[in-house]
Amino acid sequence: MMKRIFACILTLGMTIILLSGHNSDLIPAEISYAAEETEGAEGAITIDDEYLIPDSIGWCTYYVVVATNNTGSDISISADFVAKDGSGNVLKKVNDYSDAVKKGQQFILYGQFLNKEIANASAYEYEYSINPTDRCAYTSVSLDTKNIGDGVEVSATNYSEFDVQSVGVRTVFMKNGRAVAFDTVNIADAGITFHGGSTNSQIIGTRAGDYDDMIITYTTVSNHSIAEDL
């Protein structure tokens, strides 16, 4: 199990920007697709960036981690996020997970904290554990985006003949290189089932405010074991 500590005062390194332009020019977006693994990084989860993002209504704060699976295998991953006060006392602990992240794929995990529960938070920590999986259906699905004025319509298509589980889309909205909002949706046909050959959509960013860039990732899981993507 790996553990990382994140100070409340953020000074971040290079941000991965996947899309540039004003809000009216955001389409088509560039999706974060799996790529060849970085040389020398095999065997590791690479942390690309970390963001502390308040929502637009003062209800919660998101602790968002953008990472890349450089382990050399398809994995499942689970992460515990903890908010602590200045004395090191735990104020709140939450969990997030992904059942299938393809090797070489960038992905997002996040902790959602209610502001009333972390009013005195001064530091955040997370630790994660990974396991190999043979249920990754990542390349069976494609993702497209469309600007609809008050948000972005995200459409997924399941190109395989098999049903998969819902497509989990996670998005960081950027303004001048700074994270200003976070949103997440699940795309399916009925419940968590996304049928083979089907296309469906959801809306993201309706409360994102003013932004000019996006980081967008997605994951999806096969309903049965497979050696490779469907």
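The values are calculated or read from the model by the stated rules, or taken from the named source; none is laboratory data. From a predicted model like this one, the values you see are computed outputs, not experimental measurements. Cβ coordinates were reconstructed from backbone atoms using ideal geometry, including for glycine residues, and neighbour counts include every protein chain displayed. Surface accessibility is based on the protein's heavy atoms, side chains included, excluding ligands, DNA and RNA. Shrake-Rupley method; radii C 1.70, N 1.55, O 1.52, S 1.80 Å.
Inspect all residues belonging to the range 154-163 and state whether any of them is over 25 Å from S225 (Cβ atoms) and among the acidic types (D, E). Within the range 154-163 (the criterion being over 25 Å from S225 (Cβ atoms) and among the acidic types (D, E)), the answer is no, since none of the residues qualifies.
With respect to the conditions (1) out of contact with any Phe, Trp or Tyr (no Cβ under 9 Å at 6 or more places or on another chain); (2) charged (D, E, K, R); (3) not in a strand (DSSP E or B), K116 falls short on a single one, namely (1).
From the list T157, T217, the lone residue that is hydroxyl-bearing (S, T, Y) and crowded, with 22+ Cβ neighbours inside 10 Å is T217. Among the residues of the range 87-113, those that are in a strand (DSSP E or B) and small (G, A, S) comprise S98, A100, G111.
Report, by residue number, each residue of the range 53-67 that is open to solvent by 40 Å² or more (accessible area, probe 1.4 Å) and of a type in the set (A, V, I, L, M, F, W, C). If the condition is that a residue be open to solvent by 40 Å² or more (accessible area, probe 1.4 Å) and of a type in the set (A, V, I, L, M, F, W, C), then I57, W59 are the ones that fit. In this structure, does G88 turn out to be open to solvent by less than 50 Å² (accessible area, probe 1.4 Å) and under 21 Å from A44 (Cα atoms)? No, not satisfied. Within the range 176-220, the set of residues being among the charged types (D, E, K, R) and under 18 Å from the mean Cα position of the chain (by Cα) comprises R178, D183, R207, D213. Of L109, L19, all but one fail to be at pLDDT below 95, in contact with an Asp or Glu (Cβ under 9 Å, 6 or more places away or on another chain), among the aliphatic types (A, V, I, L, M) and open to solvent by less than 30 Å² (accessible area, probe 1.4 Å); the exception is L19. For the range 53-100, filtering for residues that are closer than 17 Å to V172 by Cβ and either among the β-branched types (V, I, T) or in contact with a Cys (Cβ under 7 Å, 6 or more places away or on another chain) (or both) leaves 6.
Let me confirm something: among T157, T145, T139, which residue is over 18 Å from the mean Cα position of the chain (by Cα) and either in a loop (DSSP other than H, G, I, E, B) or of a type in the set (V, I, T) (or both)?
T157
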